[in-house]
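Okay, structure first, notes after.
Rule-based calculations on the coordinates, nothing more; no lab input. From a predicted model like this one, the values you see are computed outputs, not experimental measurements. Cβ atoms come from the backbone with ideal geometry, glycine included; neighbour counts cover every protein chain shown.
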Amino acid sequence: MKEYTVTQFHKEMNHLMKDIHVTVVGEISGFNISNDKFVWFTLKDDKSAMSNFMMKFQLKVPLEDGMEIRVTGSPGIFPRSGKYVFKPRTVELMGEGALQRAFEITKAKLEEEGLFDPDRKREFPRFPERIGLITSPDAAAYTDFIRILNNRWGGVEVRFFPVNVQGNNAINSIQDAFHLINSFHEDLDAVVLTRGGGSMEDLQAFNSEEVARAVFGSQVPVICGVGHERDTSLADYVADLRAATPTHAAELLVPDKEEVSAEIRGLISSQSHRLEQQVSILTQAVDRQMFELGHIMRDHVTFLKDQVARFMSAAHMVSIDIQKKKDQISHQKQLVQTYAATLVSMSRQRLEQQERLINSLSPKAVLKRGYSMTTAEDGSIIKDPSQVKKGQALKTEVEHGIIHSNVT
Amino acid sequence: MATKKKELSFAEAFTELETITEDLEKGLDLDEGITKFERGLELAAMLKNRLSTAENKIETIKEKYQNEGDEAEEE
């Protein structure tokens, strides 16, 4: 018989066991995680127990004592302790109970992290143009969604990302779809993640932490409609908007063209009413202005007429005045003329009188009476014989001439 | 291709129509009001036409994210 050391024997056993791939089911007990890395739990049925060991990063579902689970992996021995363990590669929850518990645990965890936070929910455009659809091509969800979409609205570009909505590959395919969208389809206005109803096991992927985080991390707002009305998956909680069913998702996503049509009619109607109102208001205002203007014009005309009348009567007074003055002036003129004539004739009379006087006093008149005037050579008048000498030449003026003589 | 008003998206056209309604509510000079109303009618006609004729287009995205780095470019 071959002899082994303990180490060798363990190594041999491990070698034999590593090709054993089995699935074992049982109930968890003694679940714990040490060093935040090493996961230990016991899987048991009513008679037996089996130790399980795995790394934390390998564990994708929350586990709790009492849960029924399905583990797939290989047995092995830890050489140092000689402990026989089962090393699961995958862990699946079994039965409503386990799934429900896992759901509650994950929900609490995500809620605490803020993935359900209402403030981070994004708005959707009222009239989307490009939408992404993530669902199974075989599911009724797909046909329902598309049918309602077509009934309600048109002109939308739908990019369909086919995925598995249950089974082993569901989580990966959904994560893939979101990766694609984030990388190359950020121009989408919205993404719809949907599937029809099913058991908790069927809906598992949508309650997984991975899918919830994928929805949360979507760069495009997400409408999630998973299962029937009363089902709310974790993906539903995380999504920007929650729909009860695939049909409801279509109703949330696009408006109904009949309603929009009616709304357009309504807008036009209120616009035209408003305009009519405005025209009516303006017409009234114009009428009022015309009315006031009429008044103002009439008042103005009255005023002007008044002015003219006053002017006319004033002008009349002035012309009477002028006439009076004219009469006065001509009267004065007459007086002046009369006075002047009188003055002239009086002057003439006086002048004639003076003339006569002068004439009567003039030596010539005296001469006429026979007298004579004798003057010396120097012109002086002789009034006295003493003035003359003998032989002096004298001039004697008589009426009709001059006599030259000498004194004897 | 002429772009002028033809390229207005449904959302933009609808928003413009709503804005016109608001503007008219606020009260505008009559000329402006009539001009805007005419534009409103134009928009309404365009929107109604789109509503009755536009079809949805569905396209399946076949690319997978992992392991298809280069081919994942989709247009």
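Details
- Tail weight of P(r) past 17 Å, computed on alpha-carbon pairs of the stretch A:301-376, percent: 73
- With a cut-off of 13 Å on the backbone N, no residue of the stretch A:36-56 is near the modelled label site 7 Å out from A:Asn14 along Cα-Cβ.
- Qualifying GluC sites (Glu not before Pro) in the stretch A:319-398, where qualification requires a DSSP coil assignment and no more than 16 other C-beta atoms within 10 Å, comprise A:Glu377.
- Mean sequence separation of contacting Cα pairs (under 8 Å, at least six apart), scaled by the length of the stretch A:29-119, corresponds to a relative contact order of 23 percent.
- Inter-chain Cβ neighbour average for residues A:261-273, partner chain, 10 Å: 5
- Each peptide in B:27-33, A:181-187 receives the mean, over its residues, of other Cβ atoms within 10 Å, and ordering these scores from highest gives A:181-187, B:27-33.
- Gain on full extension, evaluated as 0.36 nm per residue between A:Ser272 and A:Ala314 minus their Cα-Cα distance, stands at 9.0 nm.
- Cα centroid separation - the stretch A:1-39 against the stretch A:187-240, whole Å: 38
- Inter-chain neighbour count for B:50-56: the average number of beta-carbon atoms from partner chains within 10 Å of each residue's beta-carbon is 6.
- Crossing angle, helix A:6-17 versus chain A [Cα axis fit, 0-90 degrees, rounded to tens]: 70
- Shielding of A:151-159 by partner chains, average beta-carbon count, 10 Å: 5
- Inter-part distance where the stretch A:282-357 and the stretch B:1-61 are each reduced to a Cα centre, Å: 79
- In this rough spin-label picture, where each label sits 7 Å from Cα along the Cβ direction, the A:Val279-A:Phe184 distance is 5.7 nm.
- The simple Förster model, with R0 at 25 Å and r as the Cβ-Cβ distance, assigns B:Glu55 and A:Arg122 a FRET efficiency of 0.35.
- Sorted by Cβ neighbour density within 10 Å, fewest at the top, the residues A:Ser380, A:Ser29: A:Ser380, A:Ser29
- A:Ser386 versus B:Thr19: modelled label distance in nm, points set 7 Å from Cα along the beta carbon direction: 14.7
- Checked against a 22 Å cut-off, the cross-linked pairs A:Lys47/A:Lys87; A:Lys364/A:Lys395; A:Lys2/A:Lys87; A:Lys56/A:Lys87; A:Lys37/B:Lys64; A:Lys107/B:Lys64 give Cα-Cα distances beyond that limit for A:Lys2/A:Lys87; A:Lys37/B:Lys64; A:Lys107/B:Lys64.
- Taking every alpha-carbon pair within the stretch A:1-43, the share separated by more than 17 Å comes to 61 percent.
- Centre separation in Å (Cα based) which lies between the stretch A:358-408 and the stretch A:113-161: 168
- A:Ala376 versus A:Ser74: modelled label distance in nm, points set 7 Å from Cα along the beta carbon direction: 20.1
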